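The values are calculated or read from the model by the stated rules, or taken from the named source; none is laboratory data. Keep in mind that this is a model prediction, so the values were computed, not measured. Note that we place each Cβ from the backbone using ideal geometry, even for glycine, and neighbour counts take in every protein chain shown. Protein only, heavy atoms only, side chains kept; ligands, DNA and RNA dropped before computing areas. Shrake-Rupley method; radii C 1.70, N 1.55, O 1.52, S 1.80 Å.
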Amino acid sequence: MVSNKVETALNKQIEFEASSSQYYLAMASWAETQGLTGVAEFLYAQSDEERMHMLKLVKYVNERGGHALVPALKEQPKKFKSIQYVFEEVLKHEVFVSNEINGLVDICLKEKDYTTHNFLQWYVAEQIEEEALARKILDKLKLIGDDKGGMYLFDRDLPSISIAGAGRGGK
Ligand code: OFO
């Protein structure tokens with residue numbers, strides 16, 4: 001059984017995962033309209049992953065005798081100023097989520113909920129990988145700069161980075 005405090009914190013995390021999924025979906029749709037089909041494919045896959053993270057939490061909360069709550073959908077941005085900006089936002093967002101996960105781990109320790117603490121270790125590892133992936137992509141974008149040929153290759157190759165990463169963390 002999860003305590004009220006842990007249940008509330010897990011429900012908050014459900015909200016963050018859901019909003020990550022929506023945010024990346026908005027980015028994917030925008031990228032698709034810009035002709036960046038590889039970037040769009042990558043972001044659609046990221047959006048799906050975040051939904052999977054949310055579902056994993058939903059099922060866990062209910063299994064432990066709590067009640068997982070489905071958060072409302074917030075309106076997402078329609079436009080993004082550049083592809084660099086998109087991935088800067090992805091990194092910023094992932095750093096935020098990592099901090100939230102750390103806070104959640106801390107609550108579990110204070111509440112002596114070692115089962116949930118153990119369950120959350122998957123998310124801790126996942127966040128390290130997601131932050132590293134976003135940094136790697138930003139490094140590539142820095143190298144490319146305004147080079148159109150470089151951007152063409154980046155767009156072509158990005159989905160394979162995503163596929164290569166699909167085995168990460170047992171997803
Ligand atoms: Fe849910 O993994 Fe990032 O945010």
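Shown in residue order for region 41-50 are the 3J(HN,Hα) couplings computed by the Karplus curve 6.51 cos²θ - 1.76 cosθ + 1.60 at θ = phi - 60°: 4, 4, 6, 4, 5, 4, 4, 4, 4, 5 Hz (x for Gly and Pro). Only lysines eight or more places from Lys110 in sequence, or on another chain, were considered; those with a Cα closer than 24 Å are Lys5, Lys12, Lys56, Lys59.
Pick from Gly149, Gly38, Gly66: which residue has the top mean-square fluctuation in a GNM of the chain where Cα pairs under 10 Å get a spring? The residue that fluctuates most here is Gly149.
Which value in Å is the Kirkwood Rh of the chain over different Cα pairs? Walk me through the intermediate numbers first.
On the way: mean 1/r = 0.0593 Å⁻¹.
Here the Kirkwood hydrodynamic radius works out to 16.9 Å.
Given their separation in residues at 0.36 nm each and the Cα-Cα distance between them, Leu138 and Met52 gain 28.5 nm when the chain is fully extended.
By a 1.4 Å probe calculation restricted to protein chains, Arg51 has an accessible surface near 130 Å², given to the nearest 10.
Quick one: net charge of Gln22's neighbours, Cβ under 14 Å, K/R +1, D/E -1? Could you put the intermediate results ahead of the total?
Working: positive: Arg51, Lys74, Lys78; negative: Glu15, Glu17, Asp48, Glu49, Glu50, Glu75, Glu89.
With Lys, Arg at +1 and Asp, Glu at -1, the neighbours total -4.
Taking amide H as placed 1.01 Å from N in the peptide plane, the amide H of Val2 sits under 5 Å from that of Gly66, each at least 5 places away or on another chain. Ser3 sits among other residues whose Cβ lies under 12 Å from its own Cβ, and their net charge, with Lys and Arg +1 and Asp and Glu -1, is +1. A simple spin-label model places the labels of Leu73 and Ser29 0.7 nm from each other, with each point 7 Å out along Cα-to-Cβ. Taking the chain as a Gaussian network, where each spring joins two C-alpha atoms under 10 Å apart, which residue of Ser47, Ser82, Ser29 fluctuates the most? Comparing Ser47, Ser82, Ser29 in the GNM, the peak value goes to Ser82. Using a Gaussian network model of the chain in which every pair of alpha carbons under 10 angstrom is joined by a spring, one finds that among Ala72, Ala125, Ala31 the greatest mean-square fluctuation is at Ala72.
Rounded to the nearest 20 debye, what is the charge dipole size of region 4-168 about its Cα centre when +1 sits on each Lys and Arg Cβ and -1 on each Asp and Glu Cβ? Present the calculation step by step, with values, prior to reporting the outcome.
Values: 20 positive and 26 negative charges, 32 e Å.
In total the dipole reaches around 160 debye.
Coupling constants for region 105-114 follow from the phi torsions by the Karplus curve (6.51 cos²θ - 1.76 cosθ + 1.60, θ = phi - 60°), and in residue order they are 4, 4, 4, 4, 5, 5, 8, 6, 9, 6 Hz; glycine and proline get x.
Based on C-alpha pairs under 8 angstrom that are at least 6 apart in sequence, the chain has a relative contact order of 29 percent.
Mind checking which lysines have their Cα closer than 20 Å to the Cα of Lys140? Skip sequence neighbours fewer than 8 apart in that chain. Straight-distance partners of Lys140: Lys81, Lys92, Lys148. Stretched out straight at 0.36 nm per residue, the stretch from Asn62 to Ala125 would grow longer than its current Cα-Cα span by 20.4 nm. With both labels modelled 7 Å from their Cα along Cα-to-Cβ, the Asn4 to Val95 distance reads 3.6 nm. Short to long, the 10 Å bins of the Cα pair-distance histogram for region 1-101 hold 16, 43, 27, 12, 2 percent of all pairs.
Using only the heavy atoms of the protein chains and a 1.4 Å probe, how would Tyr85, Tyr60 rank by accessible area, largest first? Walk me through the numbers before you get to the answer.
On the way: Tyr85 65, Tyr60 20 Å².
My answer, sorted largest first, is Tyr85, Tyr60.
In the neighborhood of Leu91, defined by Cβ-to-Cβ distances under 14 Å, what is the net charge if each Lys or Arg adds +1 and each Asp or Glu adds -1? The partial results should precede the final answer.
Values: positive: Lys92, Arg135, Lys136, Lys140, Lys142; negative: Glu88, Glu89, Glu94, Glu129, Glu130, Glu131, Asp139.
Around Leu91, the surrounding residues sum to -2.
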